[in-house]
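Undergrad: Quick one: the structure is below, and I'll ask about it shortly.
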Amino acid sequence: MVLRDKKIVLGVTGAIAAYKALELTRLLVKAEATVWPVMTRSAREFITPLSLSTLARNPVHDNLFELAEGTRISHIDLADKADLVIVAPATANIIGKIASGIADDLLTTVLSATIAPVLIAPSMNCHMWENKIVRGNCEKLKSLGYHFVGPASGELACGYEGKGRLSPVDEIMEAAEEALSVKDLKGEKVLVSAGPTREAIDPVRFVSNASSGRMGYAIARAARRRGAEVVLVSGPSYLPRPANIEFVQVVSAEEMNDACVRYFPQSTLVIMSAAIADYRPTKSYPAKVKKDAKTLSIEMERTTDVLKSMGKLKKNGQILVGFALETENMEENARKKRDEKNLDLVVANTPAGLDSPTNQVTIIDREGETETLPPLDKDEIAERILDAVVRMRGE
Ligand code: CTP
């Protein structure tokens, strides 16, 4: 969503990971960004301009002396129209050139001339990455406001094992979104809970629900992009752990409660999207229950309502956001939960959003202001919930 309609100059330099720039281009285009690829001469040794321009749906630029649209000087034209410049993969050579202000080809000239944010995704041998000159160049660029993503550790094409792999493309996408996001949550310490909980019946069985964790993970990532420090407390989920976020894995409602209680005092904003079990078996059998009996009854007891206890402890300045999952009288029940749990915002929804990438929600604030959103991707809903929080901070 952040990348939609954004204009991105993608600089590709001569590293073996150049082939991953093709996948990155595909994802950027899929996210509805406009991509102008710029290749260095060395990059052409690894991938062809034809592949890159086909995926980008734009011609590859590599000539410093060509004119854009008939009369404009191409490096100034590209530098001016970019909302973001990404260099992926970025070799030690290009990092050195940017850090030294060298502008001797189209890409380095665009990088010198642009006032857009620049995101660098390094890729090189681990000894090159550790080289003091390279380290110094990266530190210098970071202090000047250049954004970096990676490199990751693992097997390197040169046969070494270590730090130097180009970051996975989804992490580069995430970093691109972060570089483009307004930092309106800077200074906030955000606690997000996500996913289902599992309440054990015996060592192999449990009571749980269909929550995937998508909503909470999307909120955690969006808050991070917008400058917050984020802790994500997650029940069992198959989603990948988001980067640059403190991650706390829990299983049961009790563990969820313990983790939230631990992080609550230092949090300025809490968003409880987890589908926490309301009941758990009164006892968990130590051994697997055999199917000897004809029927089996499991007695259940109430778990702690984590959100409600946080509502009681809430201090001035802390914002508490809860969800309300309803099958009937959605708005009325959601308002009731808002009041009973002392919430600042409640996000009302139906089970249609469970285990789905999209949902339809209604956001209700403490004054009763009600915003019914159309069916949207959960990433977009996350942004809209955070927009409502930012509006509330401004009041
Ligand atoms: N919640 C919680 N602790 C629980 C159960 C729910 O903190 N043991 C939180 C959820 O994370 C959500 C909010 O309370 O933000 C509302 O959850 P929901 O399942 O809609 O409602 P309940 O409060 O459990 O009430 P009911 O099941 O009766 O509708």
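Undergrad: Using a simple charge model, +1 on the beta-carbon of Lys and Arg, -1 on the beta-carbon of Asp and Glu, nothing else, what dipole does region 189-394 show about its Cα centre, in debye to the nearest 20?
TA: 620
Undergrad: Let me ask you something else. Got a sec to turn the phi values of region 54-64 into Karplus ³J(HN,Hα) couplings, 6.51 cos²θ - 1.76 cosθ + 1.60 with θ = phi - 60°, whole Hz, x for Gly and Pro?
TA: Those phi angles translate into 5, 5, 6, 6, 8, x, 7, 9, 8, 10, 5 Hz.
Undergrad: Nearest 500 deg cm²/dmol is fine: what mean residue ellipticity at 222 nm does the chain get from its DSSP H runs of n ≥ 4 alone, each adding -39,500 (n - 2.57), divided by its residue count?
TA: -10000 deg cm²/dmol
Undergrad: If you line up the long axis of helix 18-30 against the longest principal axis of the chain, both from Cα atoms, how many degrees apart are they, to the nearest 10?
TA: 60
Undergrad: If eta is 1.306 mPa s and T is 10 °C, what Stokes-Einstein diffusion coefficient results for region 134-205, Kirkwood Rh from Cα pairs, in µm²/s?
TA: In µm²/s, the coefficient rounds to 97.
Undergrad: If you add up the charges near PRO242, with Lys and Arg at +1 and Asp and Glu at -1, over every other residue whose beta carbon is less than 9 angstrom from its beta carbon, what do you get?
TA: Around PRO242, the charge tally is +2.
Undergrad: Taking all pairs of different Cα atoms in region 189-394, averaging 1/r and flipping that mean, what Kirkwood radius in angstroms comes out?
TA: For region 189-394, inverting the mean 1/r across all distinct Cα pairs yields 17.5 Å.
Undergrad: Moving on to the next point. Mind giving me the FRET efficiency for LYS283 and ILE102? R0 is 56 Å, r the Cβ-Cβ distance, nearest 0.05 is fine.
TA: About 0.20, to the nearest 0.05.
Undergrad: Can you give the accessible area per residue of region 7-180, in Å², using a 1.4 Å probe?
TA: 46
Undergrad: Tell me the per residue accessible area of region 301-378 using a 1.4 Å probe; a whole number in Å² is fine.
TA: Computed with neighbouring chains in place, this is 53 Å² per residue.
Undergrad: Next question, about the same structure. What's the carbon and sulfur percent of region 133-228's accessible surface, probe 1.4 angstrom, rounded to a whole number?
TA: 51
Undergrad: Residue by residue through region 166-174, which ³J(HN,Hα) values in whole Hz follow from phi under the Karplus form 6.51 cos²θ - 1.76 cosθ + 1.60 (θ = phi - 60°), with glycine and proline marked x?
TA: Ordered by residue, 3J(HN,Hα) equals 4, 4, x, 4, 5, 6, 5, 4, 4 Hz.
Undergrad: Collect residues whose amide H, placed 1.01 Å from N in the peptide plane, falls under 5 Å from the amide H of VAL38; neighbours closer than 5 in sequence don't count.
TA: Residues meeting the criterion, in which the H sits 1.01 Å from N, are LEU10, GLY11, VAL12, HIS61.
Undergrad: How are the C-alpha pair distances of region 43-140 spread across 5 Å bins, as whole percents from the shortest bin up?
TA: Each 5 Å bin holds this share of Cα pairs: 3, 12, 19, 24, 21, 12, 7, 2, 1.
Undergrad: Moving to a separate point now. In terms of modelled amide H atoms, which long-range or inter-chain residues lie less than 5 Å from the amide H of ALA228?
TA: Here LEU185 satisfy the definition.
Undergrad: OK, next. Quick one: which residues, 5 or more positions from VAL251 or on another chain, have an amide H under 5 Å from its amide H? H modelled 1.01 Å from N in the peptide plane, none for Pro or chain starts.
TA: Placed amide hydrogens put MET256 under 5 Å from VAL251.
Undergrad: Something else: Return one number: the angle in degrees, 0 to 90 and rounded to the nearest 10, between the long axis of the Cα atoms of helix 378-394 and the longest principal axis of the Cα atoms of the chain.
TA: 80
Undergrad: With θ set to phi - 60°, apply the Karplus curve 6.51 cos²θ - 1.76 cosθ + 1.60 along region 342-349 and write out the HN-Hα couplings as whole Hz, x wherever there is a Gly or Pro.
TA: 6, 8, 8, 9, 10, 10, 8, 8
Undergrad: Distance in nm between label sites at ILE115 and ARG135, each 7 Å beyond Cα in the beta-carbon direction?
TA: Calculated label separation equals 3.6 nm.
Undergrad: Sticking to Cα atoms, compute the Rg of the chain to one decimal and its Dmax as the biggest Cα-Cα distance, whole number, in Å.
TA: Gyration radius and largest Cα-Cα distance of the chain: 24.8, 85 Å.
The values are calculated or read from the model by the stated rules, or taken from the named source; none is laboratory data. Remember, predicted model here, so these are calculated numbers, not experimental data. Neighbour counts run over all protein chains shown; Cβ positions are idealised from the backbone, glycine included. The area values use the complete protein model at the heavy-atom level, side chains included, leaving out ligands, DNA and RNA. Shrake-Rupley method; radii C 1.70, N 1.55, O 1.52, S 1.80 Å.
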